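Okay, structure first, notes after.
The values are calculated or read from the model by the stated rules, or taken from the named source; none is laboratory data. Values in this document were obtained by computation on a predicted structure and should not be read as measured data. Glycine gets a Cβ as well: all are built from the backbone with ideal geometry, and neighbour counts include every protein chain shown.
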């Protein structure tokens with residue numbers, strides 16, 4: 001390779017591919033109905049967003065691709081984002097020279113007729129906007145007509161990297177390091193005996209809750225609720241986004257806490273964000289949190305039970321309830337008056353690991369229908385003492 005004025009005169013194609021192969025890409029299937037009525041598809045790794053206003057996306061097919069020959073110039077197409085479990089489908093749709101790749105592949109039509117491949121984690125229906133000449137490829141720009149995901153819950157995409165397919169590990173979206181299930185369960189094993197003692201002493205259920213990747217998970221329980229509630233289903237998980245998992249984020253920095261607040265149905269108004277940050281500061285200062293029963297509490301418990309039974313639609317119902325609770329003062333107790341009676345949903349306190357971060361937190365639930373402030377204060381003291389005695393465990 002020769003150079004003139006510091007600019008390479010030519011680039012070796014193999015080296016070009018090898019270096020650019022260090023950049024991972026997602027995998028998408030571009031689908032449409034050809035002019036003769038046959039549903040056609042091609043797989044691309046070069047798909048991306050172009051513009052929000054107007055909503056534009058693009059993909060970049062090789063000009064000589066026989067699959068692109070069927071797609072070229074069609075007035076509408078659909079981008080199907082493939083999931084991590086669809087590698088076999090990806091290989092099927094990557095067959096060269098075949099116009100029948102979609103035979104036997106379950107799909108249903110978008111409004112404009114282009115196939116939406118069943119099981120794809122997201123789809124974007126587009127109208128052809130523009131085709132730009134770019135060397136041996138075209139840049140096909142589409143105006144977004146409609147789009148959606150296949151599930152309300154995030155799913156892992158199929159990834160192409162260094163010539164092969166794979167998936168990435170979904171780290172927590174807020175806490176910088178991954179909490180794996182094995183490490184967190186080790187913490188639970190260390191606090192199990194104190195949990196059982198505390199639950200028996202107070203006549204309530206004690207739950208250990210931890211962060212596993214991006215989920216707040218009920219990991220273990222001891223005792224039974226005293227108020228006639230059903231025990232918390234072990235293994236039930238909620239997304240780590242406001243207001244779920246406040247104790248896991250209260251000791252993190254402000255930037256991390258703000259990211260947690262922005263997730264899901266978290267507050268958008270800056271005054272409400274400030275109120276939630278102040279509530280997290282209060283939790284950190286006193287080392288515990290008490291959540292009160294609200295009109296929606298019974299409904300929330302029903303949805304959590306549905307989640308435990310495998311009903312994924314319950315997650316959306318829970319988020320709808322969370323979105324209605326804007327002010328933390330609506331569910332978080334501020335001051336405890338000894339003579340006043342409270343309807344308490346749960347009391348929680350953190351267990352810190354050897355690095356000073358929250359490893360898990362313990363929650364007491366199933367308290368009597370009404371609990372005096374004096375009794376509540378006593379229960380808080382016992383819970384925080386047990387949590388403090390377990391500090392220093394390693395996740």
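Overview of values
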| read-out | value |
| --- | --- |
| Matching residues, the stretch 311-345, being modelled with pLDDT of 90 or more and surrounded by 15 or more Cβ atoms within 10 Å (Cβ to Cβ) | 342, 344 |
| Where residue 62 falls short, out of the listed (1) in contact with a helix residue (DSSP H, G or I) (Cβ under 8 Å, 6 or more places away or on another chain); (2) crowded, with 16+ Cβ neighbours inside 10 Å | (2) |
| Yes/no for residue 113 being on the phi > 0 side of the Ramachandran plot and free of Cβ contacts under 8 Å to residues at least 40 places away in the same chain | no |
| Residue that is farthest from residue 221 (Cα to Cα), among those in the stretch 151-184 that are in contact with a strand residue (DSSP E or B) (Cβ under 7 Å, 6 or more places away or on another chain) and modelled with pLDDT of 70 or more | 160 |
| Selected residue (only one of 87, 129, 125 is over 18 Å from residue 42 (Cβ atoms), in contact (Cβ under 8 Å) with a residue 40 or more places away in the chain and not assigned by TED's automatic domain parsing to the domain that holds residue 239) | 129 |
| Residues of the stretch 189-212 satisfying the condition of being assigned to a helix (DSSP H, G or I), more than 14 Å from residue 225 (Cα to Cα) and touching a helix residue (DSSP H, G or I) at 6+ places or on another chain (Cβ under 6 Å) | 194 |
| For residue 92: the one exception among (1) under 24 Å from the mean Cα position of the chain (by Cα); (2) assigned to a helix (DSSP H, G or I) | (1) |
| Conditions (1) crowded, with 19+ Cβ neighbours inside 10 Å; (2) at pLDDT 80 or above; (3) in contact with a helix residue (DSSP H, G or I) (Cβ under 8 Å, 6 or more places away or on another chain): number failed by residue 254 | (1) |
| When residues of the stretch 346-388 are limited to those that are more than 28 Å from residue 240 (Cα to Cα) and in contact with a strand residue (DSSP E or B) (Cβ under 7 Å, 6 or more places away or on another chain), the one surrounded by the most Cβ atoms within 10 Å (Cβ to Cβ) | 371 |
| Cβ pairs under 7 Å, 6+ apart, first in the stretch 268-282 and closer than 12 Å to residue 258 by Cα, second in a loop (DSSP other than H, G, I, E, B) | 272/326; 272/327; 273/267; 275/327; 276/242; 276/267; 280/250 |
| Residue within the stretch 14-21 that is in a strand (DSSP E or B) and closer than 19 Å to residue 136 by Cβ present | no |
| Helices (runs of 4 or more DSSP H) within the stretch 230-303 that include 3 or more residues touching a strand residue (DSSP E or B) at 6+ places or on another chain (Cβ under 9 Å) and within 17 Å of residue 215 (Cβ to Cβ) | 246-249 |
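So that you can scan it fast, the table gives a plain yes or no per residue for (1) outside any strand (DSSP E or B); (2) surrounded by fewer than 17 Cβ atoms within 10 Å (Cβ to Cβ); (3) touching a residue at least 24 places away in the same chain (Cβ under 8 Å); (4) not assigned by TED's automatic domain parsing to the domain that holds residue 155:
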| site | (1), (2), (3), (4) |
| --- | --- |
| 29 | no, no, yes, no |
| 37 | yes, yes, no, no |
| 53 | yes, yes, no, no |
| 100 | yes, yes, yes, no |
